[in-house]
């Protein structure tokens, strides 16, 4: 089981001081939060993608590459990468590049994005969001698995003889999670390809996710990737922790009351009862998180949302200390003791390499010489069977 | 998903109809609630004459006010709201009664129906009723409330009920209530809603988990499902 942090990348006014961080301050802060995630012993850091204020994270691979360079163990991922408004060719290229720089310490989670006005900024239409996501992923899946792709679809310019570079590290594509809470087609696509399925598990009652996770597990088995228990599931979660419950509630309430999404709506008490948000002691967060597997089944990745609603950096870092020191070690021990032995391990680059090659050396691609026409042709790499067609001297 | 657990409403042997009264009146008693209660009472009487029984559930929307803000802001339904949705889902007939404020049905009434799933009330027979301090609001039921219930794909009875101050001393209000009650009973007897849910349910738009959490059918043969599993969309239509 992997534990980590996911951030939406919102820049929100601190309601207790009235101060809104600058973009620059918040970007510096997120790097520190990611570094702290590793320092306190967690495994994963995920950043969202947005293209409108008050968010900063328009360019996740740039941020994640920087974090990768300043950490050693941390696995970097997204929450989510927009499979709708991004060209799948650019996703293939940028994330393969990140995969090389991070030495495989990355994967990504795909999502659709639900902000209508963003779509036309990238030449798309939210009314086509679902078919766009499905078609784009079908292409992305091929771009990482076939050296040369001919392709034609509904939404993107056709491709003839296209090679996405660099090829994935060790010729093993980054692991992909599909994030969704209410779209059976996304769960079906995740199951079809044997990819992971992630339910954000914040802001809504668990029933929203539970049904879709069960459907994904059934379909994962149907497509022959393994048993339902071996399906790869990730969950979010949200917490504010203090040594004792009353302090947690007192400290978090002003942030809760003004938070994006749920502020000015339900009371904190109602919201914590109806959604997975826990505001309380380390033990309360442990107890609540251990309940997740009871309705989702044993799962591979648990991410926590800890840095939103205007919480200042110092508070977030303190939260991560509490999480890392008092919550995660217990969760690791307890989930390990409870998990079904049939459960698949969390996906990592090393495991995927081993699954593909066993003890053999992974493929390392070396391009053929540039023929001078800036086009790679039909067999771009030296280990492909077809002889490169050099012009006669 | 059709609800097979419900008793078929057969006119031959007499049925028990579940009537849900949605009352947006604020005071207690209120003229809005009084009007709704009179309709419910007459529905019970007419159904009795037809050999049926009526079980009435009253939803006083005022009691949902504390849960309304989270329902509107976050689509989070508290326990009372959840119970109200479940009652409506199981209803064979509905009486919906609103006070007129500022030339329209009260915001509480509109908001309640606006946060429900689009497909929760498809095909259900409904009596619409409104009260106001002046007869100048008489068309609110037909011009404003009826259009929302058309959107919700309900079957609103032909007779709309409206009572302003002077109507309470006019016997013709009683005869209109009788008429609406008969219309509702006839529609419930017809079994229209159940037949529609049996035969035509899939032709309406649904989202996964809609219809009060019961819409869980997944069509694995749809164009989108084919696309999800590595297929292509059907070719674009020319022109």
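Of all residues in the range A:311-318, one or more are in contact (Cβ under 8 Å) with a residue 12 or more places away in the chain, in contact with a strand residue (DSSP E or B) (Cβ under 9 Å, 6 or more places away or on another chain), assigned to a loop (DSSP other than H, G, I, E, B) and under 30 Å from residue A:18 (Cβ atoms).
For every residue, the table says whether it meets (1) more than 20 Å from residue B:20 (Cα to Cα); (2) crowded, with 19+ Cβ neighbours inside 10 Å.
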residue	(1), (2)
B:138	yes, no
B:150	no, no
B:167	yes, yes
B:181	no, yes
B:186	no, no
B:189	no, yes
B:192	no, no
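Residues of the range A:173-225 that are away from chain B (no Cβ under 14 Å) and in contact with a helix residue (DSSP H, G or I) (Cβ under 7 Å, 6 or more places away or on another chain): A:174, A:175, A:196, A:201, A:221.
Please indicate, with yes or no, whether at least one residue in the range A:253-268 is within 13 Å of chain B (Cβ to nearest Cβ), within 22 Å of the chain's Cα centre (by Cα) and either in contact (Cβ under 8 Å) with a residue 12 or more places away in the chain or farther than 20 Å from residue A:7 by Cβ (or both). Scanning the range A:253-268, I find at least one residue that is within 13 Å of chain B (Cβ to nearest Cβ), within 22 Å of the chain's Cα centre (by Cα) and either in contact (Cβ under 8 Å) with a residue 12 or more places away in the chain or farther than 20 Å from residue A:7 by Cβ (or both), so the answer is yes. Taken over the range A:131-163, residues that are more than 26 Å from residue A:302 (Cα to Cα) and assigned to a helix (DSSP H, G or I) amount to 8. Among the residues examined, residue B:63 does not qualify as surrounded by fewer than 16 Cβ atoms within 10 Å (Cβ to Cβ), under 19 Å from the mean Cα position of the chain (by Cα) and within 14 Å of chain A (Cβ to nearest Cβ). Scanning the range A:1-30 for residues that are under 18 Å from residue A:108 (Cα atoms), in contact with a helix residue (DSSP H, G or I) (Cβ under 6 Å, 6 or more places away or on another chain) and either free of Cβ contacts under 8 Å to residues at least 60 places away in the same chain or not in a strand (DSSP E or B) (or both) returns a single hit, A:1. Restricting the search to helices (runs of 4 or more DSSP H) fully inside the range A:191-278 and requiring at least 3 residues that are over 22 Å from residue A:343 (Cα atoms) gives A:245-258, A:268-274. Filtered by the rule that a residue be farther than 20 Å from residue A:252 by Cβ and under 22 Å from the mean Cα position of the chain (by Cα), the range A:10-29 gives A:27, A:28. For the condition within 14 Å of another protein chain (Cβ to nearest Cβ), closer than 16 Å to residue A:164 by Cβ and out of contact with any helix residue (DSSP H, G or I) (no Cβ under 7 Å at 6 or more places or on another chain), residue A:93 does not qualify.
For residue A:295, the conditions (1) away from chain B (no Cβ under 14 Å); (2) over 20 Å from the mean Cα position of the chain (by Cα); (3) part of a loop (DSSP other than H, G, I, E, B) all hold with the exception of (3).
FYI, it's all coordinate maths here, none of it is from the lab. On a predicted model such as this, the values are computed, not experimentally measured, just so you know. Glycine gets a Cβ as well: all are built from the backbone with ideal geometry, and neighbour counts include every protein chain shown.
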